[in-house]
Amino acid sequence: MVKTKIFLTGATGTMGSQGMKEILRYPDRYELTVLARPSRKNHKMLAPLKDKIKVLWGDLRNYDDVLRGVNGCDIVLHVGGMVSPKADYKPIETRETNIGAAINIRNAVLAQPLDHQPKVVYIGSVAQMGDRREPFHWGRTGDPMPVSPYDHYGVTKVMAEYILTNSPIKRWVCLRQSGILYPTILKNFDPIMFHVPIRGVLEWATVEDSGRLLERVCRPEVPDDFWNNYYNIGSGAAYRLNNYEFECLILDAVGCPRPERIFNANWFITRNFHGMWYLDSDRLEKYLHFRANIPVKEYFHRLAKSPTLPWGIRFSARTRIAKLFPHLIKPAMRWMANRPKYGTQWWIKHNVEPRIHAFYGSKEAYQQIPDWKHTDLGHNSNEAIVLNHGYDENKPKEDFTIEDMQRAAAFRGGKCLSTEMKQGDWDTPLLWQCAEGHTFEASPRVILLGGHWCPQCFPWPYKDVEDPRPWQWDRIAKENPFIAQVWGKLHGKDEDNVYGPEVL
């Protein structure tokens, strides 16, 4: 049996390490090469696997390092990159890593012989979709992607996805990951814990499901029609939680009091975070069959028993003793909410207007946040508002013509400048123009199925890079009905607001 040669990035991260574990369950099927930074932590983690995998020590930002991994492989699993909260604290390094890696992988794949060009699996993120509060908390691939202001990670994930999919690579797929449930999430103690609205939602994905997904996508029986498309990753209906429900489950799992006893409701932001329930995550399950379907409450309690967690967390989970001491826990949580620069209460205390406006709307809106007693803590509506993508989605793809592209462009406030297109050709780039007059080339697949639009309008609001561009969705939404469906209706009072560079 000829082994499939896999090149994996991010093998020492949460999803990548679980994917590596799954791949190594089939030594007769796969030959695995990983790229990892030569840190002490990574050396220690990968040393026991030296006889099972090939380790390339290097950096995703270095083309030659990436090329060594891509050369001769059959499939690239690009999982690696910088993620939050580190991505929020180091936006320039995040750009260099996440976007630089995408460029390097694209170029390395295109440098291979055309008859042995590897397939590329790119792991995207729900962060690409921006603020999806009620009543727009259900979504799907192809929806607009107005990344939330100050979500530096989300910006780089959209850009990286565009770079890889809007290229001549023959076979690719984008799998947009949701929040991952893994044992050490129970010990995360960072101001980002309050950067979520109480009624915000996520369709979580377990780390085990995510690892199985990475192995299953490498199997030769994956059909041809799976490729060159976008999918959302989720563990299914039982894992569709709002953030209050998530907090209750995670606190109960480690034996802590309920949210009302250890948090104030106004420590949590009220808007401008990402997260949605997926209308279409079952598509991926039908192709790859990666879900274990463990009851969600049982899964959280399994997490709390993990030997990778500190002794104190496992002791609390077993004895439930922490439930007796909310008065001792709440000061620690208050301290976190007041952490300099990124704590929500630090913004309020120091009147950091850009952050207050982005995450609360205004100081006045913050002051009107109800207490727990008057906050709706129920499950969000199961009724979905399905966004219009600007074309007839029931029409067979082989029947699409240039007229369909022109209508789709008009719905995005722009034009399709190309005058002809081979009927049913979703892959040959066309020339488009946005409402600002920028022109760009992209395939119909990238625009219509991926939800991408003008890369020149996309935010890049950092003072220490060339061509800084602010988040300007308010202005763009006035000319772009596609984006206005979400942004304009959720942020309609933010007239002409521009979120530019900030100093915290």
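The values are calculated or read from the model by the stated rules, or taken from the named source; none is laboratory data. Just so it is clear, the model here is predicted, and its values are computed rather than measured. Virtual Cβ from ideal backbone geometry, glycine too; neighbours counted across all protein chains shown. These area figures cover heavy atoms from the full protein model, side chains too; ligands, DNA and RNA do not enter into them. Shrake-Rupley method; radii C 1.70, N 1.55, O 1.52, S 1.80 Å.
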(message) Going by what's in this entry, would Pro307 be described as open to solvent by 20 Å² or more (accessible area, probe 1.4 Å), under 17 Å from Val207 (Cβ atoms) and either over 26 Å from the mean Cα position of the chain (by Cα) or of a type in the set (A, V, I, L, M) (or both)?
(response) yes
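Residue-by-condition table, conditions (1) in a helix (DSSP H, G or I); (2) closer than 30 Å to Leu448 by Cβ:
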| position | (1), (2) |
| --- | --- |
| Gly234 | no, yes |
| Leu249 | yes, no |
| Pro257 | no, no |
| Arg261 | yes, no |
| Asn266 | yes, no |
| Ile269 | no, no |
| Asn272 | no, yes |
(message) With the structure loaded, tell me whether Asp225 is open to solvent by 40 Å² or more (accessible area, probe 1.4 Å) and of a type in the set (Asp, Glu) or whether it fails that test.
(response) yes
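When residues of the stretch 310-340 are filtered for being in contact with a helix residue (DSSP H, G or I) (Cβ under 8 Å, 6 or more places away or on another chain), of a type in the set (D, E, K, R) and farther than 26 Å from Ala205 by Cα, how many remain?
The qualifying residues number 3.
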(request) Determine whether the stretch 395-407 contains at least one residue that is open to solvent by less than 80 Å² (accessible area, probe 1.4 Å) and under 26 Å from the mean Cα position of the chain (by Cα). (result) no
(request) Scan the stretch 197-213 residue by residue and report those that are under 21 Å from Asp280 (Cβ atoms), of a type outside the set (Asp, Glu) and assigned to a helix (DSSP H, G or I). (result) Ser210, Arg212, Leu213
(message) Please go through the stretch 309-351 and give me each residue that is among the β-branched types (Val, Ile, Thr) and modelled with pLDDT of 90 or more, ordered by number.
(response) Ile329, Thr344, Ile348
(request) Assess whether Glu134 counts as being over 16 Å from the mean Cα position of the chain (by Cα) and touching a residue at least 24 places away in the same chain (Cβ under 8 Å). (result) yes
(request) Starting from residues that are of a type in the set (Asp, Glu) and at pLDDT 95 or above, keep the ones in the stretch 164-217 and report whichever is farthest from the chain's Cα centre (by Cα). (result) Glu215
(request) Determine, yes or no, whether Pro459 is touching a strand residue (DSSP E or B) at 6+ places or on another chain (Cβ under 6 Å) and crowded, with 21+ Cβ neighbours inside 10 Å. (result) yes
(message) Looking at the stretch 216-251 only, could you name the residues that are of a type in the set (Asp, Glu) and closer than 24 Å to Ala127 by Cα?
(response) Glu245, Glu247
(request) Could you grab me the full set of residues in the stretch 166-196 that are assigned to a helix (DSSP H, G or I) and open to solvent by less than 10 Å² (accessible area, probe 1.4 Å)? (result) Pro191, Phe194
(request) Within the stretch 16-30, identify whether any single residue is over 18 Å from the mean Cα position of the chain (by Cα), in a helix (DSSP H, G or I), within 21 Å of Gly211 (Cβ to Cβ) and without any contact (Cβ under 8 Å) to a residue 24 or more places away in the chain, and answer yes or no. (result) no
(message) For the condition within 30 Å of Ala87 (Cβ to Cβ) and open to solvent by less than 20 Å² (accessible area, probe 1.4 Å), what is the one hit in Asn380, Asn338, Asn351?
(response) Asn380
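Which one of Phe290, Phe300 is outside any helix (DSSP H, G or I) and in contact (Cβ under 8 Å) with a residue 12 or more places away in the chain?
Phe290
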